[in-house]
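What follows is one structure encoded as structure tokens, with my remarks underneath.
The values are calculated or read from the model by the stated rules, or taken from the named source; none is laboratory data. The structure displayed is predicted, hence computed values, not measured ones. Cβ atoms come from the backbone with ideal geometry, glycine included; neighbour counts cover every protein chain shown. In case anyone asks, the SASA skips ligands and DNA or RNA and just uses the protein heavy atoms, side chains included. Shrake-Rupley method; radii C 1.70, N 1.55, O 1.52, S 1.80 Å.
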Amino acid sequence: MNNNILKDIIILESIDSTNNYAIEILKRKRLNEGTIIITHEQTKGKGQKGNYWESEPGKNLTFSLILYPDFLLAEKQFFITKLVSLALTDFLENYLTDITIKWPNDIYYRNKKIAGILIENAIITVKLKYSVVGIGININQREFLSGFSNAISLSKITGKEYDLHKLLIELKKYLNNRYNQLKNTKITTLNNDYYRKLYRIGIQSRFISKGATFAGSIKGTTENGKLKIELNNGEIKLFDFKEVKFANDNFAG
Ligand code: BTN
């Protein structure tokens, strides 16, 4: 089965957040699976951990994708994060090398963030009812506000300008492929690819958790998305999202 579901598109001139817009619609009616809601300008773009997602109007890709992964148990929702992170990586690798996924779902070029994902799921009992997958990819923006100094864009790296419409068409192909992998239970492929793409995997790093700094190296993730870090004494520790960060990470997002 290789369905192409990404056919419908809603184009907005300006909106607070495409994720909020999608969630509001979904409260009232069902949109086709694969619908994309894209905007020229976001006035209150939402990032992870309540951060603001900065995006200069008309310069970047900022959109939400609607999925109904009702075949997935809620406890397996990390697979949505995996497939979307991998689709973004697949896409960016057409233009750049050194693209990695900084757990859980930031897309990095070397040590800088080029894209972010904010997934908002609705769960009914133990199943996923819908997933609003918010995606922001920095494309043509050249300057970022000081608080977001860790941000980089495709254009800043290559010096070129890109056609956002063409890029979206390309990216949709990868999102569709990776979503089909999940539907067709190509779990090992998704797991292996995600593992291989993890930022600083197997590299000695310093981390902070609950105010304490420690050394270790990332060994992978668990099925439900926890980060596995091997400490220098050989012990493996698991961390949930928000429980750990790299010690030299001072940036938002
Ligand atoms: C992050 O902090 O890394 C997540 C950023 C997600 C940004 C995208 S832009 C489109 C969608 N709508 C939002 O309000 N946020 C997401």
Would you be able to say whether some residue in region 39-53 is surrounded by fewer than 18 Cβ atoms within 10 Å (Cβ to Cβ), on the phi > 0 side of the Ramachandran plot and within 16 Å of the ligand (Cβ to nearest atom)? yes
Does region 70-92 include one or more residues that are at pLDDT below 95 and surrounded by 21 or more Cβ atoms within 10 Å (Cβ to Cβ)? no
Region 223-237, subset farther than 12 Å from residue 104 by Cα and free of Cβ contacts under 8 Å to residues at least 12 places away in the same chain, residue surrounded by the most Cβ atoms within 10 Å (Cβ to Cβ): 235
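Residue 5 - would you say it is farther than 29 Å from residue 150 by Cβ, more than 19 Å from the chain's Cα centre (by Cα) and crowded, with 18+ Cβ neighbours inside 10 Å?
On the way: farther than 29 Å from residue 150 by Cβ: yes; more than 19 Å from the chain's Cα centre (by Cα): yes; crowded, with 18+ Cβ neighbours inside 10 Å: yes.
Judged against the criteria, residue 5 is a match.
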Among the residues of region 115-162 satisfying the criterion of being closer than 23 Å to residue 72 by Cα and not in a strand (DSSP E or B), which is least open to solvent (accessible area, probe 1.4 Å)? 126
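A quick yes/no check of all residues on (1) modelled with pLDDT of 95 or more; (2) basic (Lys, Arg); (3) in a strand (DSSP E or B):
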residue	(1), (2), (3)
193	yes, no, no
196	yes, yes, no
230	yes, no, yes
238	yes, no, yes
242	no, yes, no
248	no, no, no
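Among the residues of region 207-217, how many are in a strand (DSSP E or B) and more than 14 Å from residue 233 (Cα to Cα)?
So in region 207-217, the residues in a strand (DSSP E or B) come out as 207-209, 212-217.
Of the ones still in play, those that are also more than 14 Å from residue 233 (Cα to Cα) are 207-209, 212-213.
Residues flagged as in a strand (DSSP E or B) and more than 14 Å from residue 233 (Cα to Cα) within region 207-217 amount to 5.
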Give region 189-222 a look and list any residue that's open to solvent by 70 Å² or more (accessible area, probe 1.4 Å), within 17 Å of residue 84 (Cβ to Cβ) and charged (D, E, K, R), or say none. 196
